[in-house]
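Everything on this sheet refers to the single structure shown next.
What follows is calculated from the coordinates using simple rules that are stated; it is not laboratory data. Here the structure is a predicted model, which is why all the values come from computation and not from measurement. Ideal geometry is used to build each Cβ from the backbone, glycine not excepted, and the neighbour counts take in all protein chains shown.
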Amino acid sequence: MGRLLPKAELHVHIEGTLEPELVVGLARRNGVTLPADGVDGLRARYRFEGLQSFLDVLNANMAVLRTERDFYDMTLGYLRRARDNGVRRAEIFFDLQAHLARGVPMDAVFDGLAAAVADGERELGVSAALLLCIVRDRGPEEAERVLREAIRRHRDRFIGIGLASAELGHPPSLFREVYAIAAAEGLRRTVHAGEEGPPGYVREALDLLGAERIDHGIRAMEDPDLVARLRAERVPLTVCPLSNVRLGIVPSLREHPLPAMLRANLMVTVNSDNPAYVGGYAEDNYRALRDELGLDPTTLATIAANSFDAAFLDPETRARFQ
Ligand code: HPA
Ligand code: ZN
C-alpha cells in the first residue's frame with residue numbers, strides 16, 4: 001500500500017461510489033424496495049450501453065439514500081477506499097438536485113457529506129472537498145434556483161460546481177447564468193463535456209461557462225484546433241479510462257484516446273468517475289494504464305503530478321502534497 005503513487009482524484013461522483021453491498025444495507029435500513037434482489041441481482045444490471053443506460057441504473061440505486069447518516073456512511077466509505085488507492089486529495093461531486101427531487105432535505109445531504117469530509121481529513125488524512133454537480137437534464141431554471149439556495153444556506157461547505165448527467169441535447173450554453181452565479185460567489189468551475197457530446201461542447205464550456213477544468217473531454221481529440229488550444233492554455237482534463245470502457249463510450253482500453261492525449265501534451269489526469277459501477281477506483285485506473293496500455297512509471301508520475309496541479313488548491317496547500 002505504501003508504494004502507491006500519491007494522487008488527487010478530481011472526478012468522482014459520490015453516488016457512483018455506492019457499492020452494491022451498501023445499496024442493499026441502506027435499502028434494508030430505510031425500507032426501500034430495490035429494482036433487483038441482493039448484491040448479485042444488482043450487479044447483474046451493471047451492463048451499460050452508453051451514458052444514459054448507466055444513469056438509469058445509478059439513479060435507481062440512489063433511491064436508498066434518505067438520511068444524513070446515509071450520506072455520511074457512503075462518503076466515509078469512499079474516502080477509506082480512496083486512501084487505500086493512494087488518494088491524498090479528493091474533490092467529490094454530489095447530485096444535490098437528484099436528492100431534493102426524492103424529498104431528501106437539503107440539510108441532510110450537506111450535513112452528512114460535510115461531516116464525512118471532516119472526519120475523513122482527521123481520521124484518514126485525506127484532504128477532501130465538495131463540488132455541487134448540476135444535473136443538466138433537469139434544465140437551467142431548477143439548477144439556478146437550487147444553486148442559489150445552496151449558496152444561501154451552505155456556502156462554506158462546497159468549493160465549486162460541476163455539470164453532469166445526460167450530455168447530448170443539454171449543451172453547456174444553457175447554463176451560462178448558473179455559472180455566472182457561481183463565478184460571482186468565488187466558486188470553482190468544472191464541466192463535463194466531450195464524453196458523449198461533440199468538441200463544440202468543450203468550446204462552449206470554456207468560452208461561455210468559464211470552465212477551469214473539463215471532465216472527460218476525450219472527444220476534443222476530434223478537433224485539432226481545440227487540442228492546440230487545450231494544450232496552450234494547459235486546461236486540465238479529468239479523464240476516466242475504465243468508466244469510458246465500461247459505459248461503452250470507447251470500445252476497449254486499447255482504443256482509448258488517452259495515449260494520444262498524452263502525446264499531444266495535454267494536461268491529463270486519471271480518475272475513477274463512478275468506481276462502484278465501472279470496475280475500479282483510482283489506483284485500478286492507473287494500474288490498467290500500466291498493465292494494459294504499457295504506460296511507464298515516468299508517465300504515470302506525470303499524470304499524478306498533474307492531478308495535484310489541477311486540483312482546486314491554493315499554492316501553499318498544493319505544495320504540501322508532492
Ligand atoms: N457523465 C455524466 N454524468 C454522470 C457521470 C458521467 O460520467 N457520472 C455520474 N453522472
Ligand atoms: Zn463524471
Problem - From phi via Karplus (6.51, -1.76, 1.60), per-residue ³J(HN,Hα) for the range 130-136 in Hz, x at Gly/Pro - result: 10, 10, 6, 9, 5, 8, 5
Handout entry: C-alpha center-to-center spacing [the range 140-206, the range 222-239] in angstrom
Key = 20 Å
Fill in the blank from the handout: Residues meeting the amide H criterion for M267 (H placed from the backbone, H to H distance under 5 Å, 5 or more places apart or on another chain) are V235, L237
Exercise for the section: Would you grab the residues whose amide H sits under 5 Å from the one on G139? Only those 5+ places off in sequence or on another chain, please, with H modelled 1.01 Å from N. Expected result: none
Practice task
Would you order I181, I303 from fewest to most other beta-carbon atoms within 10 Å of each residue's own beta-carbon?
Solution key: I181, I303
Practice task
Per residue of the range 212-221, in order, report the coupling 6.51 cos²θ - 1.76 cosθ + 1.60 (Karplus, θ = phi - 60°) as ³J(HN,Hα) in whole Hz, putting x for Gly and Pro.
Solution key: 8, 9, 10, 8, 6, x, 5, 6, 4, 5
Practice task
Would you order S307, S173, S252 from fewest to most other beta-carbon atoms within 10 Å of each residue's own beta-carbon?
Solution key: S252, S173, S307
Exercise for the section: Work from the charge dipole of the chain (Cβ charges, +1 for Lys and Arg, -1 for Asp and Glu, about the Cα centre) and give the residue of T298, A288, H154 farthest towards its positive end. Expected result: T298
Problem - Hz values of 3J(HN,Hα) by residue in the range 198-209 - Karplus curve (6.51, -1.76, 1.60), Gly and Pro given as x - result: x, x, x, 5, 5, 4, 4, 4, 6, 7, 9, 10
Practice task
Please get the size of the charge dipole for the chain, origin at its Cα centre, with Cβ charges of +1 on Lys and Arg and -1 on Asp and Glu, quoted in debye to the nearest 20.
Solution key: 480 debye
Problem - Highest average packing first - 217-225, 140-148, 313-321, Cβ atoms within 10 Å - result: 217-225, 140-148, 313-321
Exercise for the section: Could you give the size of the charge dipole of the range 160-307 about its Cα centre, using +1 on the Cβ of each K and R and -1 on the Cβ of each D and E, expressed in debye and rounded to the nearest 20? Expected result: 260 debye
Handout entry: 20 Å-binned pair-distance histogram of the chain (Cα, whole percent)
Key = 34, 61, 4
Exercise for the section: Output the peptides 188-196, 77-85 sorted from most to least packed, where packing is the average of other Cβ atoms within 10 Å over each peptide's residues. Expected result: 188-196, 77-85
Completion exercise
Residues D111, D137 in order from fewest to most other beta-carbon atoms within 10 Å are D137, D111
Problem - Rounded FRET efficiency, nearest 0.05, which uses the C-beta distance separating D84 from R290 and R0 of 22 Å - result: 0.80
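What length, rounded to one decimal in nm, is gained on full extension from D225 through to L168, with 0.36 nm per residue of separation minus their alpha-carbon distance?
Working: separation 57, 0.36 × 57 = 20.52 nm, distance 2.18 nm.
Taking D225 through L168 to full extension adds about 18.3 nm, to one decimal.
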Handout entry: Cβ crowding within 10 Å averaged over residues, with 62-74, 270-282 ranked highest first
Key = 270-282, 62-74
Practice task
Starting from the amide H of A128, placed 1.01 Å from N in the peptide plane, find each other amide H under 5 Å away whose residue is 5 or more places distant or on another chain.
Solution key: A90
Exercise for the section: Could you tell me what % of all Cα pairs in the range 248-322 have separations over 22 Å? Expected result: 27 percent
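Going by a ≥ b ≥ c, the root eigenvalues of the Cα gyration tensor, does the range 34-156 fall in the rounded group (a/c under 1.5), the prolate group (a/b larger than b/c) or the oblate group?
Judged from the Cα gyration tensor, the range 34-156 comes out oblate (a/c at least 1.5, b/c at or above a/b).
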Exercise for the section: Compute the separation of the alpha-carbon centres of the range 288-322 and the range 1-68 and state it in Å as a whole number. Expected result: 27 Å
